[in-house]
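Report on the following structure.
Every number in this text was worked out from the coordinates using simple rules, so none of it is lab data. Bear in mind that the values here come from a model prediction, so they are computed numbers and not experimental data. Positions of Cβ are generated from backbone atoms using ideal geometry, with glycine treated the same way; all protein chains shown enter the neighbour counts.
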Amino acid sequence: MSFFIQASCPKNSDNVSFEAETLSDAVENSFPLLTESAIIFWNNIPLFLSYKYDLCLMIDDILDVLEALRIKEFGSKDVHWVSNTFAHIWHFKWISGQLGISAEWGVINESTEHILRDSGSVNISIQSFGFEWKRVIYNIIVTLKKAGFEESRIEGMSRLIQEYNLIRNEGYLYQS
């Protein structure tokens with residue numbers, strides 16, 4: 001499998017600011033700095049994503065991609081991940097249920113950089129790509145709810161829950 005995600009088991013923050021209005025702000029406020037990260041395996045190369053500082057900035061784009069893959073039979077989309085610790089560009093192209101993702105890798109730690117740049121693109125079924133995000137989205141939803149955030153108060157939270165509910169199965173590491 002060229003693309004899979006270990007969602008891990010992140011803690012939720014005890015010190016939550018209820019000032020958040022956007023999904024991104026709510027996610028950032030709900031996770032502590034020191035907790036487990038999600039890990040994307042790109043051609044078996046691990047890429048760590050902090051729930052607090054990476055996924056909070058990526059979540060809207062992740063939902064955009066999942067929605068586009070679900071709605072459009074074929075297409076392409078470029079995503080410029082805006083996190084300063086995951087500042088990469090992914091090019092998505094899909095047709096007939098299959099997804100190809102190529103990347104322009106930004107700054108990466110030196111020991112991984114050349115391996116990742118040489119690893120090429122990943123190919124995965126559209127359905128499997130969604131499955132891989134299910135547990136990550138679940139972790140975010142559970143943490144937001146534990147922090148006291150409600151769909152009615154956070155822009156984008158309903159969309160997050162809707163996309164979660166539309167993904168039928170868990171990712172590769174979480175299937176029994």
Helices (runs of 4 or more DSSP H) lying entirely in the range 46-147 (those with 3 or more residues that are surrounded by 15 or more Cβ atoms within 10 Å (Cβ to Cβ)): 56-71, 126-146
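Being out of contact with any His (no Cβ under 6 Å at 6 or more places or on another chain), among the aliphatic types (A, V, I, L, M), within 18 Å of Ser128 (Cα to Cα) and in contact (Cβ under 8 Å) with a residue 24 or more places away in the chain narrows it down to one residue among Leu47, Leu23, Leu69, Leu57; which is it?
Answer to the selection: Leu69.
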Unmet requirement for Ile115, which otherwise passes all of (1) more than 14 Å from Ile40 (Cα to Cα); (2) in contact with a helix residue (DSSP H, G or I) (Cβ under 8 Å, 6 or more places away or on another chain); (3) of a type in the set (A, V, I, L, M, F, W, C): (2)
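Looking at the range 148-176, which of the residues that are in a helix (DSSP H, G or I), hydroxyl-bearing (Ser, Thr, Tyr) and without any contact (Cβ under 8 Å) to a residue 60 or more places away in the chain is surrounded by the most Cβ atoms within 10 Å (Cβ to Cβ)?
Tyr164
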Residues of the range 27-39 that turn out to be outside any helix (DSSP H, G or I) and either of a type in the set (Lys, Arg) or in contact (Cβ under 8 Å) with a residue 40 or more places away in the chain (or both), as a count: 2
